[in-house]
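Here's the structure, in structure tokens; my notes come after.
The values are calculated or read from the model by the stated rules, or taken from the named source; none is laboratory data. Owing to the predicted nature of the structure, the values given are computational and were not obtained by experimental measurement. We place every Cβ from the backbone using ideal geometry, glycine too, and count neighbours over all the protein chains shown. Ligands, DNA and RNA are stripped out before the accessible areas are found, and what is left, the full protein with its side chains, is counted by its heavy atoms. Shrake-Rupley method; radii C 1.70, N 1.55, O 1.52, S 1.80 Å.
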There are 6 protein chains.
Amino acid sequence: MFAVEVRDHIMIAHSLPGAVFGPAQGLHGATFVVDVAFFRPSLSPDNIVVDIGRALDALRAALKPLNYANLDEDPALSGQVTTTEFLAWTIFNRMAEARRDGALGPYAEGITRMRVTLSESHVAKGWYEADLD
Amino acid sequence: MFAVEVRDHIMIAHSLPGAVFGPAQGLHGATFVVDVAFFRPSLSPDNIVVDIGRALDALRAALKPLNYANLDEDPALSGQVTTTEFLAWTIFNRMAEARRDGALGPYAEGITRMRVTLSESHVAKGWYEADLD
Amino acid sequence: MFAVEVRDHIMIAHSLPGAVFGPAQGLHGATFVVDVAFFRPSLSPDNIVVDIGRALDALRAALKPLNYANLDEDPALSGQVTTTEFLAWTIFNRMAEARRDGALGPYAEGITRMRVTLSESHVAKGWYEADLD
Amino acid sequence: MFAVEVRDHIMIAHSLPGAVFGPAQGLHGATFVVDVAFFRPSLSPDNIVVDIGRALDALRAALKPLNYANLDEDPALSGQVTTTEFLAWTIFNRMAEARRDGALGPYAEGITRMRVTLSESHVAKGWYEADLD
Amino acid sequence: MFAVEVRDHIMIAHSLPGAVFGPAQGLHGATFVVDVAFFRPSLSPDNIVVDIGRALDALRAALKPLNYANLDEDPALSGQVTTTEFLAWTIFNRMAEARRDGALGPYAEGITRMRVTLSESHVAKGWYEADLD
Amino acid sequence: MFAVEVRDHIMIAHSLPGAVFGPAQGLHGATFVVDVAFFRPSLSPDNIVVDIGRALDALRAALKPLNYANLDEDPALSGQVTTTEFLAWTIFNRMAEARRDGALGPYAEGITRMRVTLSESHVAKGWYEADLD
């Protein structure tokens, strides 16, 4: 399996309702360093998994509605507990949509799997990884 | 698959008997930066894989008997060659036990897989990854 | 000059009023990985700059009022633009106070300089460094 | 599954023919930090996946023909678009050969899988991972 | 002293004439991860050293002529041995010019010192640091 | 001021006598990732601070007596509390000697300052920095 992974980041505010979250129940925030990995069993005719420049552009576009935002007031996330894991899944879905929409280039249908990792500090991170349709 | 990974570290002395270890046969030591990844196919009702705070506490507890120790004199490791790989497996087993004992919280039975990684320097690391019962 | 540096982190919400901040004028947030460096011209009788355990404890205590907080509502920061640089200076002052109060141990008067660094992402950080009285 | 991963690096020049590469079509270069992971289901009699010293030596040997080179003039890569992904696969094959040739030690036949990762910057990397015969 | 540091990178080809460079005398290449630190004794009215967004834009502009280039054919570097240290100094000068030209914003005359660091691998880096006029 | 920094590591056992060290009074160990920075006000005729290859070789030689050792039994360290800070100073002195002995090359007398940093974990490090005679 071949893979390429690219990195960007977002800086958000949110609160995490639920006793399990302790002090994180109040309004606080996070920098999430976001890594997206693209997997495919064989390379495209250009010997790539995905064009790194396009992948970075698509990631930046997918992150834009989240960046510098208060997620508690984002209608698209209404009623959701916006944990690191949940946000990884959310960004995964937006990147999957970007691929379907052609934002990852002409050969991107050969990408069969993705992983989105959010590092929230030097001691904790979360990710979501799955096959693509 | 969803995942969360948390980090702590230990500082230990040990020797590695066996010609293959060359100069590491003598008594020396290591800092192991320890990452534990928890995997589950779907999130808990709180949208988490595991509570990060609890995971860090459980990891600290699992590492405590090893930290600032001379592993050559640890009865629990007697007769074992305490390589990075072996210690990853040892810590994996202790974390699996912590999960069974409830230290990872009420929904932790949904965690189906774990990985324990020990980074011993900027150029080498080892890990053990397996499904949980 | 000898030095020791220790690391912890905080996760905060805030807004940055002022046209220069563009999208960061709205409520958003950040993880700040916080490094505090302690400098002294000669070592203590124990051959240390500062006890690393005590330094980590003092840093955790200094960060506690900021962690998981909305800085816009912190009375101690009222009327301030809580940039990375400003927060580095704020934490510097709290650590200087911790040293005066004895939280860094009996020989800490030999610490003549400190630096507090806040890394806000993989591409940006800020710090404040100064001599101590 | 057990694993060990070791790190080295190469500094190369190359050009990437193909419109998809934009400005990277011209002659430029890269530092590739190269990580090789070795996987095996059970440890050797010495409690290891592979001897870290031997693994580092074998990696250095595999990288030697590429290091400080202009890949456009390497006969072994003639006619190939030497992307990060392709180079990961190339180094994978050389490491697989090193294992077959005994460079990884007597028990290396127990290594059932490898992954070769090339990090080209702080925001992009590529890798190839596959089972071994 | 206050400081802010921002990061970008370039991917270049070059050769290093001179016996001291051994195998690096031939055409090869490097990724340089470039960090620019800005120092000032007191903060601007907005509580900043420099606007991080502007600093990143100015750095990207300063790096553009070098990125994806063969430095051996860059007329601006003609006759120079383009070592990591020399390139740090070159980028320092371009960033100093950007500050004089207003690219770092209205209060940037308060920046009294800069440092430009080029990391060429996980084991080596070089930098140039100096006061500004 | 120009600078170059190179990295290597050692894996040692030791004990730290003195109540301040708490659990570290017993025999334990550490990996120290060692960075040595060389400073000089102007570059050599080859546009370098120091040859990176020679610097790495000299560092490896300086570290060799410490690597894979039990520092409690090293006659050269007898009666010393081998803290991170003290070891940074020890390695500094050995590197200064290497420079005087010519191990850093013909122009190394132009190196006017050095810094030796030992990172003992992802949350703590120590260093010693001073001018050279």
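Given the criterion over 25 Å from B:Val33 (Cα atoms) and either touching a residue at least 40 places away in the same chain (Cβ under 8 Å) or polar (S, T, N, Q) (or both), identify the matching residue among F:Ala108, F:Ala130, F:Ala96. Steps first, please.
On the way: F:Ala130 fails: either touching a residue at least 40 places away in the same chain (Cβ under 8 Å) or polar (S, T, N, Q) (or both); F:Ala96 fails: either touching a residue at least 40 places away in the same chain (Cβ under 8 Å) or polar (S, T, N, Q) (or both).
Only one candidate qualifies: F:Ala108.
Would you mind finding the one in A:Thr90, A:Thr83 that is in contact (Cβ under 8 Å) with a residue 60 or more places away in the chain, closer than 21 Å to A:Gly18 by Cβ and under 15 Å from the mean Cα position of the chain (by Cα)? Break it down stepwise before answering.
Values: A:Thr90 fails: in contact (Cβ under 8 Å) with a residue 60 or more places away in the chain.
Going through A:Thr90, A:Thr83 in turn, the sole match is A:Thr83.
Against the conditions (1) more than 23 Å from F:Gly22 (Cα to Cα); (2) within 11 Å of another protein chain (Cβ to nearest Cβ); (3) not hydrophobic (A, V, I, L, M, F, W, C), B:Tyr68 satisfies every one except (1). Just to be sure before I move on: is E:Arg60 open to solvent by 20 Å² or more (accessible area, probe 1.4 Å), of a type in the set (Lys, Arg) and under 12 Å from E:Val6 (Cβ atoms) in the structure I sent? It is true that E:Arg60 is open to solvent by 20 Å² or more (accessible area, probe 1.4 Å), of a type in the set (Lys, Arg) and under 12 Å from E:Val6 (Cβ atoms).
Looking at B:Ala30, B:Ala55, B:Ala37, just one residue is away from chain F (no Cβ under 14 Å) and in a strand (DSSP E or B), and that residue is B:Ala37.
Look at E:His122 and say whether it is open to solvent by 20 Å² or more (accessible area, probe 1.4 Å), free of Cβ contacts under 8 Å to residues at least 24 places away in the same chain, in contact with a strand residue (DSSP E or B) (Cβ under 8 Å, 6 or more places away or on another chain) and within 7 Å of another protein chain (Cβ to nearest Cβ). Walk me through it before giving the result.
Values: open to solvent by 20 Å² or more (accessible area, probe 1.4 Å): yes; free of Cβ contacts under 8 Å to residues at least 24 places away in the same chain: yes; in contact with a strand residue (DSSP E or B) (Cβ under 8 Å, 6 or more places away or on another chain): yes; within 7 Å of another protein chain (Cβ to nearest Cβ): yes.
Answer is yes for this residue.
Can you name the residue in segment F:41-52 that is open to solvent by less than 20 Å² (accessible area, probe 1.4 Å) and in contact (Cβ under 8 Å) with a residue 60 or more places away in the chain and, of all such residues, is nearest to the other protein chains (Cβ to nearest Cβ)?
Residues of segment F:41-52 that are open to solvent by less than 20 Å² (accessible area, probe 1.4 Å), as a first pass: F:44, F:48-50.
Now drop any that are not in contact (Cβ under 8 Å) with a residue 60 or more places away in the chain, which leaves F:44, F:49-50.
On the way: F:Ser44: 9, F:Val49: 5, F:Val50: 9 Å.
By that ranking, first place goes to F:Val49.
State which residue is farthest from C:His122 (Cα to Cα) when the search covers only segment D:75-117 and only residues that are assigned to a strand (DSSP E or B) and more than 10 Å from every other protein chain (Cβ to nearest Cβ). Per the stated criteria, the residue is D:Arg113.
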